[in-house]
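Colleague: Before we start, here is the structure in question, set down as C-alpha cells.
What follows is calculated from the coordinates using simple rules that are stated; it is not laboratory data. Just so it is clear, the structure is predicted and the values come from calculations on it, not from any experiment. Glycine also receives a Cβ, built like all others from the backbone with ideal geometry; neighbour counts cover every protein chain displayed.
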Amino acid sequence: MANSTVLTDIPPPREGEKGNGKRQEKGREKGSDFSELSRRISEAGLLGRRPLYYTVRFGAVALALAGGVAAFVVLGDSWSQLFVAAALALVFGQLALAAHDLAHRQVFSRRRPSEIGGLLVANALLGMSYGWWMNKHTRHHANPNHEKKDPDVAPDLLVWSRRQAKQAKGPARFIGKHQAALFFPLLTLEGLNLSFSSFRALRRPSMKRPVLEGTLLVAHFVVYFGGLFLVLSPGRALAFIAVHQGLFGIYLGSVFAPNHKGMPMIEEGTELDFLRRQVLTSRNVDGGVLIDAFMGGLNYQIEHHLFPSMPTPALGRAQLITERYCAELGIPYYRTGLLASHREALRHLRQVGEPLRQAG
C-alpha cells in the first residue's frame, strides 16, 4: 500500500453501493459508508469546538514568538542570533499549523473570525497568502494524490508518478533523476517559495482580497527584513535568514510530507467514494504526545481528511473509531512511525524517478 505508485487494488464498496457512495441493502435505503462513520463520530461528540485548547495552544505560540523577538532585540549584532533563528523557525512552523487550523474552521465555527485570524497569522506573521493557500489546500482535500487534480502533486521541480516522470521537461528532468537525495535540501527553500507564490498569486482572479492580502504581505517583509538589517550586520542578517527560512522549510516538509507522499496515486478516471478516496491516499503517523505537538495533529491525517473541521484534540479518539470502522469494511488503514513514513516517501520519490534515470 504505502509504496504503490498508482492505486489499482481498490477495496470495493459494499454490495449495491455505487460511485456516489449510496447503497441498497435488503430493500431499505441506507446512507453511504461515510455517513455511518460520520454518525458514529458525531455521537461521540468529537465535532464540537474546543476554545480552551486553542486559547492555551495559541497563547503558548504567541508567548514563544514574543520571547524570540525579545531575545533578538537583547542579543543585538551577535552570531548567537543564529540560535534565535533556529528557535523562530520552530515558532513559524507552529504558526503555520495555527493558520491551517483557522483555515479549516477548527478554531471558530463561523467564516469571518476564521478569515480574520487566518489573514493575521498567515499574511502578517508568516508572509504567506491566506487566500492563495486556502484555494490550493481546498483542491488538495477534494482530490488527494490525484495526478491531475491535486495541486500538491503537480509536476513542478519534483515528479510524483512514473507517468509524470516520462512527461517531465526542463529542470524537472534533471531534478527528478535525483529527487530523493535532493528532497530535504530543496525543502530549505520551501518557506521562501510559499512567500514568492503568495505574491505571484495576488494577480489571479481567484484572489478575493488582493489589496488587503498584498498590504499585509508587504508589511510583514518590511518589518522582517527591516528589523534584521537594522539590528544585524549584512553578513549576519543574511546568515539569520538562511538558518531561519531553511529550518522553517524543513519543518514544514517534515510535517506535511509524511501525510500523503509515497501513498497510492489516483489516475484520471478512477472512481472512489469519499471514504475510500481519503483513507487510501493518506497515512497516519504514530508517536504519542510529542508527535502530536510537532505535527499539530496532522499526524492523524486520515481523520483530518475525513473531518477537516474537527478540532485537533478530538483526532486521537476519532482515529480509534475510524480504524475500527475501516476494519469492518475491509478498507486498508495505514499508519506507521515518523522515520518510517519519511523512508517510504523518499523510496517513492526514487522509484517514480527511475524512468528519468533510465533515459540518461
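Colleague: So what's the net charge close to Asn299: Lys and Arg +1, Asp and Glu -1, counting the other residues with Cβ under 15 Å from its Cβ? Don't skip to the answer; put the middle values down first.
Modeller: Values: positive: Lys261, Arg283, Arg317, Arg335; negative: Asp101, Asp286, Asp292, Glu303, Glu323, Glu344.
Counting the neighbours of Asn299, the net charge comes to -2.
Colleague: Count the net charge of all other residues whose Cβ sits under 12 Å from the Cβ of Ala257, scoring Lys and Arg as +1 and Asp and Glu as -1.
Modeller: Details: positive: Lys261, Arg283, Arg343; negative: Asp152, Glu190, Glu344.
Its environment carries a net charge of 0.
Colleague: Arrange the peptides 203-213, 249-259 so that the one whose residues have, on average, the most other Cβ atoms within 10 Å appears first.
Modeller: Values: 203-213: 13.4, 249-259: 21.0.
Result, highest mean Cβ count within 10 Å first: 249-259, 203-213.
Colleague: Still on this model: With unit charges on the beta carbons (Lys and Arg positive, Asp and Glu negative) and the dipole taken about the Cα centre of the chain, which residue among Leu119, Gly246, Gly296 sits farthest to the positive side?
Modeller: Positive-end residue among those listed: Leu119.
Colleague: Calculate the dipole size of the stretch 38-103 relative to its Cα centre from +1 charges on Lys and Arg beta carbons and -1 charges on Asp and Glu beta carbons; express the result in debye to the nearest 20.
Modeller: 420
Colleague: Grab the beta carbon distance between Lys208 and His178, set R0 = 51 Å, and tell me the FRET efficiency rounded to 0.05.
Modeller: 0.85
Colleague: Before anything else, pin down the relative contact order of the chain: Cα pairs under 8 Å, at least 6 apart, normalised by residue count, whole percent.
Modeller: Values: 491 pairs, mean separation 99.6, N = 360.
Worked out over the chain, it gives 28 percent.
Colleague: Ok, one more. At a Förster distance of 30 Å, what's the computed FRET efficiency of Ala62 paired with Asp156, Cβ-Cβ distance as r, to 0.05? Don't jump to the answer; show the numbers that get you there.
Modeller: Working: r = 34 Å, r/R0 = 1.13.
The value I calculate is 0.30.
Colleague: Name the most mobile residue of Leu238, Leu120, Leu315, meaning the one with the largest mean-square fluctuation, in a Gaussian network model of the chain with Cα contacts below 10 Å.
Modeller: Leu238
Colleague: Here is a further query. Can you tell me the Rg and Dmax of the stretch 45-359, counting just the alpha carbons, in angstroms?
Modeller: 19.9, 62
Colleague: Here's another thing I want to ask about it. Around Asp286, which amide H atoms from residues at least 5 apart in sequence, or from another chain, sit under 5 Å from its own amide H, with H modelled in the peptide plane?
Modeller: Amide H neighbours of Asp286: Thr336, Gly337, Leu338.
Colleague: Tell me the mean residue ellipticity at 222 nm calculated for the chain from its helices only (DSSP H runs of n ≥ 4, each -39500 (n - 2.57), averaged over every residue, nearest 500). Intermediate results must be reported in sequence, preceding the final value.
Modeller: On the way: 17 runs with 220 residues, N = 360.
Estimated from H runs of four or more residues: -19500 deg cm²/dmol.
Colleague: Run the dipole for the chain about the Cα centre, Lys and Arg Cβ at +1, Asp and Glu Cβ at -1, nothing else charged, and hand back the magnitude in debye, nearest 20.
Modeller: 640
Colleague: How much net charge surrounds Ala85 when only other residues with a Cβ under 15 Å from its Cβ are counted (Lys, Arg +1; Asp, Glu -1)?
Modeller: Numbers: positive: Arg236; negative: Asp77.
That sum, taken over residues with Cβ under 15 Å, equals 0.
Colleague: What ³J(HN,Hα) values, in whole Hz, does the Karplus curve 6.51 cos²θ - 1.76 cosθ + 1.60 give for the stretch 263-271 when θ = phi - 60°, with x put for Gly and Pro?
Modeller: Karplus-based 3J(HN,Hα) across the stretch 263-271 equals 8, x, 8, 10, 7, 4, x, 6, 9 Hz.
Colleague: Once you keep just the Cα pairs under 8 angstrom separated by 6 or more residues, what percentage relative contact order results for the stretch 150-236? Walk me through the numbers before you get to the answer.
Modeller: Numbers: 29 pairs, mean separation 12.3, N = 87.
Relative contact order for the stretch 150-236 comes out at 14 percent.
Colleague: Taking R0 as 22 Å, what's the FRET efficiency between Leu189 and Leu82 from their Cβ-Cβ distance, rounded to 0.05? Write out the running numbers ahead of the final one.
Modeller: Values: r = 18 Å, r/R0 = 0.84.
Working from the Cβ atoms, E equals 0.75.
Colleague: To the nearest 10 degrees, how steep is helix 130-142 against the longest Cα principal axis of the chain, on a 0 to 90 scale?
Modeller: 20
Colleague: Which distance in nm do the two modelled labels at Glu268 and Leu120 give, with both placed 7 Å along the Cα-to-Cβ direction?
Modeller: Taking the two extended label points, one gets 4.4 nm.
Colleague: Right, another one. Between Ala71 and Ala44, what is 0.36 nm times their sequence separation minus the Cα-Cα distance? Round to one decimal in nm. Don't jump to the answer; show the numbers that get you there.
Modeller: Working: separation 27, 0.36 × 27 = 9.72 nm, distance 4.42 nm.
So the extension gain works out to 5.3 nm.
Colleague: With a ≥ b ≥ c taken as the square roots of the eigenvalues of the C-alpha gyration tensor of the stretch 263-348, please select rounded if a/c is under 1.5 and otherwise prolate if a/b is larger than b/c or oblate if it is not?
Modeller: Numbers: a/c = 1.78, a/b = 1.20, b/c = 1.48.
Judged from the Cα gyration tensor, the stretch 263-348 comes out oblate (a/c at least 1.5, b/c at or above a/b).
Colleague: If you don't mind, another one. Amide H of Ile266 versus every other amide H placed in the peptide plane: which residues, excluding those fewer than 5 positions away on the same chain, fall under 5 Å?
Modeller: Under 5 Å from the amide H of Ile266 lie the amide H atoms of Leu7, His146, Glu147, each far enough along the sequence or on another chain.
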